[in-house]
Amino acid sequence: ERLQLRDALREIERLHTRRAGAGEWLEQEDALILALLRLQELERAKYEIERARAIAERAGWPSAALRLDTNLASMHMHRGERPAAAAVQTRIAEGFARIGDVSSATESRMWVQRAEPIVPGPTVARRRAHLREIIEQASAAGNLKVEIEALLLLARHDRDHPGIWRKHLERARLRMREAGLD
């Protein structure tokens with residue numbers, strides 16, 4: 001797998017030498033950074049994230065800069081730095097909300113919830129409320145993936161309450177059926 005990643009990295013670096021449209025450029029940057037993260041070349045990945053983000057910001061493309069920042073959160077996760085990853089994703093969610101991209105903001109908020117372990121205690125009620133908020137925002141924004149993911153995570157929180165747990169699972173199944181998903 002490492003050899004395949006190295007080959008993919010060489011191909012991506014070759015693609016960097018030719019002109020590309022904005023969308024293609026962003027895909028290439030994401031692929032390069034992902035390959036570096038998978039190869040655990042974290043310092044180079046951080047450099048590439050910052051370089052690409054600066055290019056996107058100079059070009060006046062805030063959504064691309066925020067999308068590139070999601071790689072920074074992944075890098076923190078690769079290092080085992082959960083709080084730093086959550087802080088980056090929270091900042092990204094706020095950025096997406098500022099530019100009016102509710103769907104992406106909701107996805108970033110969900111990422112933060114996924115990264116946090118479920119610990120019994122007073123934080124569970126707060127997390128449940130936050131997940132319900134994410135579910136409603138994702139539904140309103142038409143982000144089915146995040147809505148279903150939040151429902152399933154909420155079900156995990158309510159596992160000790162079989163009636164509530166089943167309601168969350170049934171709503172997730174209903175949303176999947178409505179979308180024609182398996």
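Laid out as a table, the results:
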{"read-out": "Shape call, region 108-182: gyration tensor on alpha carbons, a/c limit 1.5", "value": "oblate"}
{"read-out": "For the chain: accessible area per residue (Å², 1.4 Å)", "value": "57 Å²"}
{"read-out": "Residue among Ser108, Ala54, Leu39 farthest towards the positive dipole end of the chain, charges placed on Cβ", "value": "Ser108"}
{"read-out": "Heavy-atom accessible surface of the chain: percent carbon and sulfur, 1.4 Å", "value": "54 percent"}
{"read-out": "Listed peptides 95-104, 60-69 by packing density, highest first (mean Cβ within 10 Å)", "value": "60-69, 95-104"}
{"read-out": "Listed candidates (i) 18.0; (ii) 18.7; (iii) 23.3 - label of the one calculated as Kirkwood radius over Cα pairs in Å", "value": "(i)"}
{"read-out": "Cβ-placed point charges (K, R +1; D, E -1), dipole of the chain about Cα centre in debye, nearest 20", "value": "360 debye"}
{"read-out": "Listed peptides 151-158, 162-169, 31-38 by packing density, highest first (mean Cβ within 10 Å)", "value": "31-38, 151-158, 162-169"}
{"read-out": "Among Ala179, Ala125, Ala84 - extreme Cα towards positive end, dipole of the chain, charges at beta-carbon", "value": "Ala125"}
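The values are calculated or read from the model by the stated rules, or taken from the named source; none is laboratory data. Predicted model only: the values in this text are computed from it and were never measured. When we count neighbours, we look across all protein chains shown, and the Cβ atoms used for this are built from the backbone with ideal geometry, even at glycine. The accessibility values were calculated without ligands, DNA or RNA, using every heavy atom of the protein model including side chains. Shrake-Rupley method; radii C 1.70, N 1.55, O 1.52, S 1.80 Å.
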